[in-house]
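Report on one structure; see the data block that follows.
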Amino acid sequence: MASLGIPRNTIEILQKYNFNFQKKFGQNFLIDTSVLDRIIAAAEITEEDCVLEIGPGIGTMTQYLAENAREVAAVEIDRNLIPILEETLADYDNVTVINDDILKVDINKIVEQRNGGRPVKVVANLPYYITTPIIMRLFEKQIPLQSITIMVQKEVAERMQSGPGTKDYGALSLAVQYYAKPEVVANVPPNCFIPRPNVGSAVIRLTRHAEPPVHVEDEKKMFALIRASFGQRRKTLVNGLTNAPELGISKERATAALEEMNLSPMIRGEALTLEQFAELSNRI
Ligand code: SAM
C-alpha cells in the first residue's frame with residue numbers, strides 16, 4: 001500500500017470511502033512524510049517494541065509503526081474509520097485495531113494481552129480536545145510505559161515543559177514532570193495536516209522516570225493540593241488551599257506548613273517547585 005503520508009494518497013482513500021471529517025473527534029490527519037519520520041525516530045521504535053497508538057485515523061502513522069515495531073495496538077473511536085483501516089493496514093499482520101474510546105477502554109488489559117504486561121511505547125497524533133485527560137489517564141492508571149511520543153498543540157507542549165514563575169506553569173507541568181522528562185522534538189505547522197488545524201503543533205517526547213524525582217507520601221493528596229493552588233491562580237496559596245473544602249485544610253495549618261518551609265504566607269502556588277509541593281503535601 002502506498003504511503004498515506006503523501007497527500008495524494010490520503011485524498012484518494014478519503015474520497016473512495018466518502019469520509020466526512022468529524023470535528024468532535026479532533027480529526028486532523030498527517031500528510032507529511034518528514035514529520036512522520038521524525039516522530040518514529042524520536043520514539044526510537046525498534047523491532048522489539050510493542051506500540052500503543054491512540055487515534056490511528058486512516059492509518060498513516062500506523063503504517064510507519066508497523067514497519068518498525070514488533071507489534072502495534074491502535075485504539076480508534078470513530079467506527080467509520082474501521083473499514084478504511086482494514087484496507088490501509090491489510091499488508092501488516094502485526095497490527096490490532098481496537099474500536100473504542102481511549103478514555104474508557106481498559107488500557108492495562110491491552111498491554112497485558114499484547115505485550116505480557118511489559119512496558120509499551122505510546123505514539124500518537126493526539127485529538128487535541130482531550131490531550132490532558134489522555135496523558136493523565138496513562139500516568140494515573142499506572143500503565144506500564146517506557147515513553148510517550150505525541151503530537152499536541154504547541155501551547156500544551158510549552159506548558160508541559162514550563163517551570164515555576166512562568167505563565168504556562170500549572171497542574172499539567174507538575175504532573176508531567178513528576179512522571180516523566182519532557183523534550184520537544186519538532187514544531188509542526190498547520191499545513192502538515194488535512195484539514196489544517198487553527199493552531200500550531202509540536203511533537204513532544206515524555207520519557208518515564210524510573211523513580212519519581214521527589215518523595216511523596218500520598219500522590220493523590222499532592223495532586224489535589226496542586227489542583228487547588230492553580231484553580232485560583234490569582235489567589236495566594238493559603239487562600240487557594242483553604243477555599244477547597246474537599247482538602248479540609250484550615251488557614252492556620254496551611255500558614256504553619258509554609259512557615260516551616262520558610263515560605264511567605266502570601267506566596268502564590270505558581271511560585272512553588274515540584275519539590276516544594278511534595279514537601280508541603282508531606283507536611284500537611
Ligand atoms: N493518527 C492519525 C494521523 O496522524 O493522521 C489521526 C490523528 S487525529 C489528530 C486524532 C485521531 O484520534 C482521529 O482519528 C480521531 O477519530 C481519534 N480519536 C478522537 N477521540 C478519540 C478517543 N476518545 N479515543 C480514541 N480515538 C480518538
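Between residues in region 2-29 that are more than 25 Å from THR131 (Cβ to Cβ) and in contact (Cβ under 8 Å) with a residue 12 or more places away in the chain and residues that are open to solvent by 60 Å² or more (accessible area, probe 1.4 Å) and within 13 Å of the ligand (Cβ to nearest atom), which pairs lie under 9 Å by C-beta distance while being six or more apart or on different chains?
TYR17/ASN80
Go through region 232-244 and give me each residue that's over 18 Å from ARG283 (Cα atoms) and either loosely packed, with under 12 Cβ neighbours inside 10 Å or not polar (S, T, N, Q) (or both).
Initial filter on region 232-244 (over 18 Å from ARG283 (Cα atoms)): 232-236, 243.
Matches in region 232-244: ARG233, ARG234, LYS235.
Could you check region 117-132 and list, in sequence order, the residues that are within 16 Å of the ligand (Cβ to nearest atom) and either open to solvent by 60 Å² or more (accessible area, probe 1.4 Å) or of a type in the set (D, E, K, R) (or both)?
Of everything in region 117-132, those that are within 16 Å of the ligand (Cβ to nearest atom) and either open to solvent by 60 Å² or more (accessible area, probe 1.4 Å) or of a type in the set (D, E, K, R) (or both) turn out to be LYS121, TYR129.
Please find, within region 79-116, the residue that is farthest from the ligand (Cβ to nearest atom) out of those that are part of a loop (DSSP other than H, G, I, E, B) and surrounded by 21 or more Cβ atoms within 10 Å (Cβ to Cβ). Walk me through it before giving the result.
Here is the first cut: in region 79-116, the residues part of a loop (DSSP other than H, G, I, E, B) are 89-94, 100-106, 116.
Next, only the ones that are surrounded by 21 or more Cβ atoms within 10 Å (Cβ to Cβ) stay: 89, 102.
Details: LEU89: 12, ILE102: 4 Å.
Applying the filter and picking the extreme gives LEU89.
Of all residues in region 133-153, count the ones that are within 12 Å of the ligand (Cβ to nearest atom) and not polar (S, T, N, Q).
So the count comes out to 6.
Can you work out which of the residues in region 70-88 that are in contact with a strand residue (DSSP E or B) (Cβ under 7 Å, 6 or more places away or on another chain) and in contact (Cβ under 8 Å) with a residue 40 or more places away in the chain is farthest from ALA41 (Cα to Cα)?
Narrowing region 70-88 to residues in contact with a strand residue (DSSP E or B) (Cβ under 7 Å, 6 or more places away or on another chain): 70-76, 79, 82, 85.
Narrowing further to those that are in contact (Cβ under 8 Å) with a residue 40 or more places away in the chain: 71, 73.
On the way: GLU71: 17, ALA73: 19 Å.
Here the residue is ALA73.
When the residues of region 260-282 are filtered to those that are more than 30 Å from the chain's Cα centre (by Cα) and within 21 Å of HIS215 (Cβ to Cβ), which remaining residue is surrounded by the most Cβ atoms within 10 Å (Cβ to Cβ)?
That would be LEU263.
The values are calculated or read from the model by the stated rules, or taken from the named source; none is laboratory data. All values reported here derive from a predicted model rather than from experimental measurement. Every residue, glycine among them, receives a Cβ derived from its backbone with ideal geometry; neighbour counts consider all protein chains shown. Each accessible area value is taken on the protein alone, full model and side chains, heavy atoms only, with ligands, DNA and RNA left out. Shrake-Rupley method; radii C 1.70, N 1.55, O 1.52, S 1.80 Å.
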